[in-house]
Amino acid sequence: MPAPPLLKICGLRDPLQAAAVAELGVDAIGVIAVASSPRFLAAADRPGLFAAVRAVAPACLGVLVVANPSPEQLAELDPAMGHQVLQLHGEESPHTCRQLRGQLGCQVWKALRLRSPEDLQRAATYAGAVDALLLDAWVSGQLGGTGHAVPLDWLQGWQAPLPWWLAGGVRPERVTELLRQVQPTGLDASSGVERSPGDKDLQRVRQLLRCLPGRDPLELGSQG
């Protein structure tokens, strides 16, 4: 029987809320470093948020989400800023991913935005270059957090070359049926557990955790 999927909550902006989400027992917290995103968090504010998460849930991974980072951004991508994972959400090649992983010395995950089932063929080219993949739906002009879901029939029979996360449309009402059809390593939720961009609803996060086999939220969070 496959292990229950891990859960990442992405797009946190407030340290207290991020800590409250982490206290519920999620496996990873994502922070957006893409300036065009409504969930963007400035570089100066990221270490405090990651520190707040680490203080209450040391095992919860801090994930920094970037897109097509420039050489000038390398300093803010350094794990010394508090994250343990760099998630690349742009057009980064396997070579670029491998290079960043070597330079930064942290885990690197690569997001693939799928327009068609044929886009899954790109996954194999990242084997050996990244630690995990994240599959999300392609939406013109948006890099993520759209709530649009990858059609699950595209993933039927797909042999993942790496651990993989599924994003897009991950919400409590859908996750039980989703897990009947596919078995990702992890689920990545953002808009599906929000009141507004960057403002998470702890009750929605609890509901999502309860939908995962063998997972119950820890009733420690106090911030809504």
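The values are calculated or read from the model by the stated rules, or taken from the named source; none is laboratory data. None of these values were measured; they are calculated from a predicted model. We place every Cβ from the backbone using ideal geometry, glycine too, and count neighbours over all the protein chains shown.
The set of residues in segment 8-64 that are among the β-branched types (Val, Ile, Thr), surrounded by fewer than 22 Cβ atoms within 10 Å (Cβ to Cβ) and closer than 17 Å to LEU77 by Cα contains only VAL34. Does ALA3 meet the test of being surrounded by fewer than 19 Cβ atoms within 10 Å (Cβ to Cβ), under 21 Å from LEU187 (Cβ atoms) and either without any contact (Cβ under 8 Å) to a residue 24 or more places away in the chain or of a type in the set (Phe, Trp, Tyr) (or both)? Yes: the conditions hold for ALA3.
If I ask for residues that are under 16 Å from the mean Cα position of the chain (by Cα) and of a type in the set (A, V, I, L, M, F, W, C), which ones from segment 20-35 would you list? Residues satisfying the conditions are VAL21, ALA22, VAL26, ALA28, ILE29, VAL31, ILE32, ALA33, VAL34. Across segment 38-58, which residue is nearest to LEU16 (Cα to Cα) among those that are touching a residue at least 24 places away in the same chain (Cβ under 8 Å) and in a loop (DSSP other than H, G, I, E, B)? Going through the qualifying residues, I end up with ALA57. Pull out all pairs, ordered by first then second residue, where Cβ-Cβ is under 8 Å, the residues are six or more apart or on different chains, the first lies in segment 93-116 and is without any contact (Cβ under 8 Å) to a residue 60 or more places away in the chain and part of a loop (DSSP other than H, G, I, E, B), and the second is surrounded by fewer than 18 Cβ atoms within 10 Å (Cβ to Cβ) and not aliphatic (A, V, I, L, M). Between residues of segment 93-116 that are without any contact (Cβ under 8 Å) to a residue 60 or more places away in the chain and part of a loop (DSSP other than H, G, I, E, B) and residues that are surrounded by fewer than 18 Cβ atoms within 10 Å (Cβ to Cβ) and not aliphatic (A, V, I, L, M), the close pairs are GLY105/PRO79; CYS106/PRO79; CYS106/GLN84; ARG115/TRP138; SER116/TRP154. When restricted to residues that are over 17 Å from the mean Cα position of the chain (by Cα) and of a type outside the set (Ser, Thr, Tyr), segment 179-200 contains 5.
Which of the residues that make up segment 59-85 are assigned to a loop (DSSP other than H, G, I, E, B) and among the acidic types (Asp, Glu)? Hit for segment 59-85 is ASP78, nothing else.
Of the residues making up segment 73-97, just one is among the small types (Gly, Ala, Ser), under 17 Å from the mean Cα position of the chain (by Cα) and on the phi < 0 side of the Ramachandran plot, namely GLY90. Taken together, ALA123, ALA160 contain a single residue that is farther than 22 Å from PRO213 by Cβ and modelled with pLDDT of 90 or more, which is ALA123. Filtered by the rule that a residue be at pLDDT 95 or above and either assigned to a helix (DSSP H, G or I) or surrounded by fewer than 22 Cβ atoms within 10 Å (Cβ to Cβ) (or both), segment 174-185 gives a lone residue, THR185.
Of the candidates VAL21, VAL34, the single residue that is touching a residue at least 60 places away in the same chain (Cβ under 8 Å) and part of a helix (DSSP H, G or I) is VAL21. Counting only residues that are of a type in the set (A, V, I, L, M) and touching a residue at least 60 places away in the same chain (Cβ under 8 Å), how many does segment 167-200 have? Number of matching residues: 5.
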